[in-house]
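Enquirer: Got a structure for you, written out below as structure tokens; questions coming shortly.
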Amino acid sequence: MNVVISGVGLWDPPHVVTNEELVASYNAYANAFNARHDSEIAAGTVVAKPHSSVEFIEKASGIKARYAYVKDGILDIDCMHPRIPARRDDELSHQGEIALAAARPALAAANKTGSDVNLVIVSSAHTERAYPAIAIEVQQALGASGFGFDMLVACSSATFAMQRAYDAIVAGSANCVLVINPELTSPQVNYTDRDSHFIFGDVSTATVIEREETCTAKHSYRIIGMKAVTQFSNNIRSNFGYVARAEGGDPFSEERLFHQNGRSVFKEVCPMAAAHLEAQTKACDIEVADVRRWWLHQANINMNQLIVRRLLGRDASQDEAPTVLDTYANTASAGSIIAFAKHHEDLVAGDYGVICSFGAGYSIGSLLIQKR
Ligand code: CO8
């Protein structure tokens, strides 16, 4: 049985935060912190907060700006997080809202309505609550049948969920699957940490995956091969979780927000991702040179250039491996799907492409697809 990606949807949040804004706010925060801890810094009991710089961020990551679901609070040095108004139980959740905002254009692109869907997977780096699953809220809002569940695999949440969609269709437990990645990253960003305050942005993406015989979409892609791998690493961590209350202490302390050893991640993940992609194409009897487009995970432009250089033995053009980091930053699992959403319609029948994620876990997931 052939399975296809028949629709992709992208929702951009309403606010933009530029590097200039973020650095000005962080540096003002650092100055205030250092003034407040003047004597401890002089005594060596507190480490002074160093300044951040726009030039560093752009050169080290390729990021120029990011979207924010809620901007209020992020740049306020007395707050340093988005002020997201709480919602009542009878209101749509924040992640439910942005999931629907990406799901609707994905369904439209696939020529489907909610009632055609019989599995909803909401898969992202974080979930707003433990239960009921956001996917079940979305299932109800769209009038979908069947079942829904949430899953978390950090940066590989989208590719791993698309693979689960494929499996469900082949196993016969679903016919048409909606995979949604409502990446509301800003509540987990430590905007007081120079090393990571610039990395993430909010976004939402969705894909529709179905049996080839039911597909009526204008643009669709047969899934030729899939590959997933995980290898435990502590280099990217968030210790936020439901046990925090029982453990005591500050449930929002630094170690309970996103933190990483970025340099080690860079060094360890690049060779893993390149080897993974080489093995994936080989397993499908396709030469790396025959892949028309690489929709790679969007964490760092230098990482992507290095991976593609290892694969192709040369630099790739923006046309071959599009980057969306400059305007979106790292959007956890949604990055490769944003690249796919923005850069797929020009492919012609028979063209091969690869969607690939890599990140926390470590986790790497890829799908080799062919335009129909
Ligand atoms: N401004 C100025 N200088 C800075 C700044 C800054 N903002 N930050 C660091 N520096 C300094 C450092 O302190 C260091 O100074 P020194 O040499 O004096 O020690 C110098 O600049 C160089 O620092 P690095 O070696 O750390 O710089 P890199 O070139 O390695 O760049 C990056 C840092 C950009 C973080 C880079 O290492 C990177 O992108 N690595 C890959 C990380 C990655 O892919 N991580 C995946 C994370 S995403 C993921 O897995 C999903 C998680 C779930 C989502 C979470 C949502 C919140």
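Read-outs: derived from the displayed coordinates by stated rules, not from any lab. Predicted model, so just to flag it, every value in this text is computed and none were measured. Using ideal geometry, Cβ is built from the backbone for each residue, glycine included, and neighbour counts are taken over all protein chains shown.
Enquirer: Enumerate the whole-percent occupancy of each 20 Å bin, from 0 to the last occupied one, for all C-alpha pair distances of the chain.
Expert: 30, 57, 13, 1
Enquirer: Which residue fluctuates the most in the chain, going by a Gaussian network model with Cα springs under 10 Å, if the choices are 315, 285, 12?
Expert: Taking springs between Cα atoms under 10 Å, the residue moving most is 285.
Enquirer: State the three equivalent ellipsoid semi-axes of the range 51-148, derived from the C-alpha gyration tensor as the square roots of 5 times its eigenvalues, in descending order and whole Å.
Expert: 33, 19, 11
Enquirer: Mean-square fluctuation check for the chain, GNM, Cα pairs under 10 Å: which of 157, 53, 336 is largest?
Expert: 53
Enquirer: Over the chain, with a Gaussian network built from C-alpha contacts below 10 Å, which listed residue (248, 62, 361) shows the highest mean-square fluctuation?
Expert: Fluctuation is largest for 248.
Enquirer: Given the C-alpha atoms of the range 223-371, compute the convex hull and give its volume per residue in Å³.
Expert: Spread over its residues, the Cα hull of the range 223-371 gives 120 Å³ apiece.
Enquirer: Give, to the nearest whole percent, the P(r) tail of the range 1-84 beyond 15 angstrom, counting all Cα pairs.
Expert: The calculated P(r) of the range 1-84 puts 69 percent of pairs beyond 15 Å.
Enquirer: Next up: Can you tell me the relative contact order of the chain? Whole percent, Cα pairs under 8 Å, sequence separation 6 or more.
Expert: Computed value for the chain: 23 percent relative contact order.
Enquirer: Which percentage, to the nearest 5, of the DSSP beta bridges contained in the range 223-371 is antiparallel?
Expert: Beta bridges within the range 223-371, antiparallel portion: roughly 75 percent.
Enquirer: Based solely on its DSSP helices, what 222 nm [θ] is calculated for the chain when runs of n ≥ 4 H residues each add -39,500 (n - 2.57) and the sum is averaged over all residues, nearest 500 deg cm²/dmol?
Expert: The per-residue figure over the chain is -10000 deg cm²/dmol.
Enquirer: With everything on Cα atoms, drop me the angle between helix 301-312 and the longest principal axis of the chain, reported from 0 to 90° to the nearest 10.
Expert: With both axes taken from Cα atoms, the answer is about 40 degrees.
Enquirer: In vacuum, with every alpha carbon of the range 200-252 counted as one equal point scatterer, what does the Debye formula give for log10 I(q)/I(0) at q = 0.31 Å⁻¹? Two decimals, please.
Expert: Rounded to two decimals, the profile gives -1.19.
Enquirer: State which entries of 71/342; 59/342; 71/371; 71/227 exceed 27 angstrom in Cα-Cα distance in the structure shown.
Expert: Listed pairs above 27 Å: 71/371; 71/227.
Enquirer: Note down the net charge around residue 26, summing +1 for each Lys or Arg and -1 for each Asp or Glu among other residues with Cβ under 13 Å from its Cβ.
Expert: -3
Enquirer: Hey, another quick one. Rounded to the nearest 5, what % of the DSSP beta bridges within the chain are antiparallel ones? Before the final figure, lay out each step's value.
Expert: Working: 41 of 56 bridges.
If we restrict to bridges inside the chain, about 75 percent are antiparallel.
Enquirer: Oh, and also: Just to be sure I follow the definition: excluding the sites themselves, where is the longest run in the chain that has none of the chymotrypsin sites (Phe, Trp or Tyr not before Pro) in a DSSP loop with at most 10 other Cβ atoms within 10 Å?
Expert: Details: sites that count: 232, 242.
Result for the longest clean stretch: 1-231.
Enquirer: Continuing with the same structure: Tell me the angle of helix 262-283 to the major Cα principal axis of the chain, expressed in degrees between 0 and 90 and rounded to the nearest ten.
Expert: Orientation of helix 262-283: about 10 degrees from the principal axis.
Enquirer: Using only Cα atoms, find the angle between the long axis of helix 19-36 and the longest principal axis of the chain, and express it within 0 to 90 degrees, rounded to the nearest 10.
Expert: Tilt relative to the chain: about 30 degrees.
Enquirer: Can you tell me the mean projection area, over all orientations, of the convex hull of the range 93-250's alpha carbons? Units nm², please.
Expert: 11.0 nm²
Enquirer: Report, to two decimal places, the Cα Rg of the range 148-215 normalised by 2.2 N^0.38 Å (N = number of residues).
Expert: 1.43
Enquirer: Please report Rg over Rh for the range 29-77, where both radii come from the alpha carbon positions and Rh follows the Kirkwood definition.
Expert: Values: Rg = 14.7 Å, Rh = 13.3 Å.
That ratio is 1.11, to two decimals.
Enquirer: Can you tell me the dipole magnitude for the range 8-165 around its Cα centre, using point charges on the Cβ only (Lys, Arg +1; Asp, Glu -1), in Debye to the nearest 20?
Expert: 360 debye
Enquirer: Right, here's the next one. Fully extended, how many nm does the chain gain between residue 83 and residue 20 (0.36 nm per residue separation, minus their Cα-Cα distance)?
Expert: Stretched fully, the residue 83-residue 20 segment lengthens by 20.6 nm.
Enquirer: With labels modelled as points extended 7 Å from the Cα through the Cβ direction, what inter-label distance (nm, one decimal) is found for residue 152 paired with residue 283?
Expert: 2.7 nm
Enquirer: For the range 65-108, which trypsin sites (Lys or Arg not before Pro) are in a loop by DSSP, counting at most 11 other Cβ atoms within 10 Å? Please list the in-between numbers first.
Expert: Numbers: sites: 66, 71, 83, 87, 88; in loops: 71, 83, 87, 88.
Hits after loop and neighbour filter: 83, 88.
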